[in-house]
Amino acid sequence: MKKNILSQINSPTDLKNLNSDALDNLSGEVANHIKRVIEEHGGHYSSPLGVVDLSIALHYVYDSPKDKIIWDVGHQAYAHKILTGRRDQFHTLRQKDGISGFLKRSESKHDIVGAGHASTSISSALGFAHARDKDKTDDQIVSIIGDGAMTGGLAYEGINNLGYHKTQMTIVLNDNSMSISESVGALSRYLNRVVTNPTYNRIRNDIWDLSGKIPMSSFVRKFLRKTEEGIKGFLTPGALFEELGLRYIGPVDGHDLDELIRTFESVKQMNTPVLVHVYTKKGKGSANAESDSVKFYSMSGSKNKVSHTKKPVASYSQAFGESITQIAENDDAIECVTAAMEIGTGMTAFTKKFPDKYIDVGIAEEHAVTYASGLAGAGKKPIVAIYSTFLQRAFDCIFHDGLLQDLPIIYCMDRAGLVGPDGPTHHGVFDIPMLRMLPNMIVTAPKDGNELKNLLATATASRKSFSIRYPKSSSRNFDKSRTPELLKIGEWEKLNSGDKVAILATGSMVAIVEDNLDFISKGVGFAPTLINARFIKPLDTPMLSSLSKKYDAIITMEEGCLAGGFGSAVLEYFNDIGSQINVSRMGIPDNFIEHGTRKELLDSLNLNANGVISNIEVILGAINE
């Protein structure tokens, strides 16, 4: 019976005495552990399976946390978590009060840098390298970047700076492209053995030193450099990195543990910036994930399966995709832009019907917005489909390249609000204050899928800078065949006329009140008024003025941060007109919200019917004291 090796691995130190066969067995056990947990509880699937061997090799060769192993796109790090003392907690991944699905500094001393967004590892690793140099310590710095993160400009900014400073740092380029031909594989392995061989490097350096002492040394050195670069540039894809000042090693088979270990042990001896190009297979060890790594990018998990006894309800992402496809049929100027999120933002229907009106720019949110400004300047109607949390990366581009140029760009922000298991790196709770503060930006949130369609139609007709935020949730009442209506910008909708208290709900919060209005009314003894505040900026000031004269108090509700949010805008308005009406704000407090299901998080923040009842009781109680 084969010995269970994983049960004995409580830290990376436990890897050091394993032989080659044991490491291979461990790789299989780690992969199976990931598969069992993700298939049951949900999480990312194909990406973490692809880097099991790479994770084992890195922790075998380097001494974490003394040596700094810094990951990019944190969902690659599932094997890293298992090998660094979180094996027995791994089944709690992405669940409330469990471990994070991404890297998290507060979770482990081995998580050197928190990573949820892409392309950050090289820049942060260089910061660690320079700190090491100043402190005169001997720790190694390794950054692992991949899974599309090399499409982000931040990665090249880091490489450019590293190539200039020439300090010791290793970049591992995890290239999970779908295939590498047999001939290139065989040749690259041979070249890799040559360029990582200590003897080769010693001879290379000796020849270089000698060349400086002979006549016409500058000519000889130029010839030697061009000869080496020419051979390597012709036979390998590393000429670009060499020109930027990095030694290029590879490509290396990312599933050959012996080869990986030998490569990293050789690279440790090189006191220079190095890029190790590693080929991996997404979904390694799972037939389904290997054959379709996009479909199996993540899984919901068997424990989270929902029984569809009722007719399935479209998500907001689906409502967006269907709506923009319908609207584009009658508007040739529409162009859609996304940053590596075609499927996530629901744009597949649009891309199939209008492939020439869509571009995916990769993980490059700043470029997406500035590119869209070029489209707008040329007379097009660009729609940037993006997750709320990722739009934060393009803040200056929204300001400088869009608004300051008076160019109409439509920002459609999926995952606005609490996204659940992905946690604080992905919660889209900051977009309202971020965009509300910018001049000439219209900020909106639909109450359902049909209103999303109406807002899209209004945005495309307005020729203004326009943002629409919507949650990771079902979209309620969506009719894809329904003709969209143009809305008056800044006009709210009264959904229920009541007494004493007016609730101004925006976006996803409308349904929480509307679907539970009878329960809330019984709880407080009267029916409050409910307003659909679909325009966050501009506010419906005529309605606000009217409400302040009729009601004892106003409650604002938003699935966004309270600091600078919709409720703050309402308070600012009443302050400006000198109104003394009592206002209570419901939303996300001024701290980072951890992971859990969206419902668990909303309940924990009292963004539910019971929370509304409590707020009404508190605010009326204060008035009557």
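The values are calculated or read from the model by the stated rules, or taken from the named source; none is laboratory data. In this text, all values refer to a predicted model and were calculated from it rather than measured experimentally. Note that we place each Cβ from the backbone using ideal geometry, even for glycine, and neighbour counts take in every protein chain shown.
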Exercise. Does Pro433 meet the test of being more than 19 Å from the chain's Cα centre (by Cα), assigned to a helix (DSSP H, G or I) and over 22 Å from Cys336 (Cα atoms)?
Worked result: yes
For this session: Taking only region 333-372 into account, find how many residues are assigned to a helix (DSSP H, G or I) and touching a strand residue (DSSP E or B) at 6+ places or on another chain (Cβ under 8 Å).
Result: 8
Exercise. Can you pull out the residues in region 43-55 that are farther than 7 Å from Ala79 by Cβ, in a helix (DSSP H, G or I) and either modelled with pLDDT of 90 or more or of a type outside the set (Ser, Thr, Tyr) (or both)?
Worked result: Leu49, Gly50, Asp53, Leu54
Exercise. Considering Gly374, Gly379, which residue is touching a residue at least 12 places away in the same chain (Cβ under 8 Å), surrounded by fewer than 22 Cβ atoms within 10 Å (Cβ to Cβ), among the small types (Gly, Ala, Ser) and assigned by TED's automatic domain parsing to the domain that holds Ala445?
Worked result: Gly379
Exercise. Surrounded by 18 or more Cβ atoms within 10 Å (Cβ to Cβ) and assigned to a helix (DSSP H, G or I), is that true of Ile512?
Worked result: yes
For this session: Identify the single condition in (1) farther than 18 Å from Asp258 by Cβ; (2) free of Cβ contacts under 8 Å to residues at least 24 places away in the same chain; (3) in contact with a Lys or Arg (Cβ under 8 Å, 6 or more places away or on another chain) that Pro65 does not satisfy, given that it satisfies every other one.
Result: (2)
Seminar exercise, completed: Within region 583-604, the count of residues that are farther than 26 Å from Tyr551 by Cα and hydrophobic (A, V, I, L, M, F, W, C) comes to 4
Exercise. Does region 530-542 include one or more residues that are under 19 Å from Val618 (Cβ atoms) and without any contact (Cβ under 8 Å) to a residue 40 or more places away in the chain?
Worked result: yes
For this session: Name the residue, out of Pro439, Pro446, that is in contact with a Leu (Cβ under 7 Å, 6 or more places away or on another chain), part of a loop (DSSP other than H, G, I, E, B) and buried (at least 24 other Cβ atoms within 10 Å of the Cβ).
Result: Pro446
Problem set entry | Condition met for Leu54 (crowded, with 19+ Cβ neighbours inside 10 Å and hydrophobic (A, V, I, L, M, F, W, C)) | yes
Exercise. Considering Ser462, Ser474, which residue is modelled with pLDDT of 95 or more and of a type in the set (Ser, Thr, Tyr)?
Worked result: Ser462
Exercise. Do we have any residue at all in region 393-410 that's within 17 Å of Tyr316 (Cα to Cα) and touching a residue at least 40 places away in the same chain (Cβ under 8 Å)?
Worked result: yes
